[in-house]
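J.: Mind having a look at this structure? Questions to follow.
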């Protein structure tokens, strides 16, 4: 794996920014072993942190081919071996910008092209794999935290409205864009006239994304909008176990509405675990019926499980009593050309 990575390249440290509650990252934190590139402070300056010493150090670990700061087991692009080859980049197959980065070992980057918003964990659900209780920031429940979130919103809006430039906002990698008061207000303040090149990826559980709520966001309807909808089950019985507070019937109705929007890209996601793996075929079938993409990933312990409890859910451990059955299911009736197995790929025969 390591020798192969020396011939590959990842552009995320030059293009991707993730804003967490206390820190900044240039990738999914667990894919980079929690190697942060900056801190959330009252004096937060996104442009400065984006090219901080820590940012440059991370870029060097890609340029030197070591990927030493990356988690090679968790990163799906490393697992799937889908990272572009350096030779292809140098031949110009991935654009002039990437060619310059590799050719000249560039450690400085322009403003991020993709920003993942993970600094508000407010959500209408309380899924056991994500949290131990319901989290909902507003002026009444968590006034200081809510105030800080709004300040980050303001600084973010300043950056994306500063000049016309391509930037995709992922809202949200931590909660729900429709269930979070602050993120919903952020969406209402996005002004395409100040930067018509803004695009959105809405990462949501889909329960609150109905026609009535969508009508309150007319300002973003002209933007290029894609979405990732976390289904986490293929049947109601499994969904109810892993999506506490959800509403399967309402979600199915909303999927029909979302399909009617004719968005350029919609993907259904499933975090695979003991309580839902047997409905992977039904999950993929739902994606087929709506002509959506679909994606599966392994359950990860975000600190919500004890070690013993996580082992109970982690069917990817070969010692788990249901591991073989999981492997049989995903290799049996799950063929769909728009499905991505993510970091389950190692189990596909």
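J.: Note the listed values [x] 28, 61, 11; [y] 30, 61, 8; [z] 28, 57, 14, 0, then indicate which one is P(r) over Cα pairs in 20 Å bins from 0, in percent calculated from this particular structure.
T.: From the options [x] 28, 61, 11; [y] 30, 61, 8; [z] 28, 57, 14, 0, the structure gives [x].
J.: Hey, what did the stretch 195-349 get for relative contact order, percent, Cα under 8 Å, at least 6 apart?
T.: 21 percent
J.: Still on this model: Between residue 132 and residue 241, what length comes free when the chain is fully extended (0.36 nm per residue of separation minus the Cα-Cα distance, one decimal in nm)?
T.: 37.9 nm
J.: Here is a further query. Apply 1/(1 + (r/R0)^6) to the Cβ-Cβ distance of residue 88 and residue 139, taking R0 = 45 Å, and write down the FRET efficiency to the nearest 0.05.
T.: Efficiency, from the Cβ-Cβ distance: 0.35.
J.: If we sort 264-274, 302-312 on the protection proxy, mean other Cβ atoms within 10 Å, highest first, what's the order?
T.: 264-274, 302-312
J.: Under the definition of Cα pairs under 8 Å and six or more residues apart, what whole-number percent is the relative contact order of the stretch 2-104?
T.: In percent, rounded to a whole number, it is 28.
J.: Which peptide among 38-47, 21-30 comes first, and what is the full order, when sorted by highest mean count of other Cβ atoms within 10 Å?
T.: Ranked by mean Cβ neighbours within 10 Å, highest first: 21-30, 38-47.
J.: Still on this structure: I need 345, 82 ordered by Cβ neighbour count within 10 Å, fewest first.
T.: Going from least to most buried by this count: 82, 345.
J.: Using R₀ = 30 Å, calculate the FRET efficiency as 1/(1 + (r/R₀)^6) where r is the Cβ-Cβ separation of residue 259 and residue 197; round to 0.05.
T.: Result of the calculation: an efficiency of 0.70.
J.: Can you figure out the FRET efficiency of residue 73 with residue 188, using R₀ = 41 Å and their beta-carbon distance, to the nearest 0.05?
T.: According to the calculation, E is roughly 0.55.
J.: Continuing with this model, one more query. Could you line up 109, 162, 55 from fewest to most neighbouring Cβ atoms inside 10 Å?
T.: Fewest to most other Cβ atoms nearby, the residues stand as 162, 109, 55.
J.: Percent relative contact order of the chain, based on C-alpha pairs within less than 8 angstrom and at least six residues apart?
T.: Averaging sequence separation for qualifying contacts and normalising by length gives 13 percent for the chain.
J.: OK, next. For the chain, what does -39500 (n - 2.57) per DSSP helix run (n ≥ 4), summed and divided by total residues, give at 222 nm, in deg cm²/dmol to the nearest 500?
T.: So the calculated ellipticity at 222 nm is -9000 deg cm²/dmol.
J.: What is the order of 222, 227, fewest Cβ neighbours within 10 Å to most?
T.: So the residues, fewest neighbours to most, are 222, 227.
J.: Can you tell me the order of 133-142, 117-126 when each peptide is scored by its average per-residue count of other Cβ atoms within 10 angstrom, highest first?
T.: Top to bottom by mean Cβ count within 10 Å: 117-126, 133-142.
Bear in mind that the values in this text are calculations on the coordinates, not laboratory data. Predicted, not measured: the structure shown is a model, and the values here were computed from it. Backbone-built Cβ (ideal geometry, glycine too); neighbour counts: all protein chains shown.
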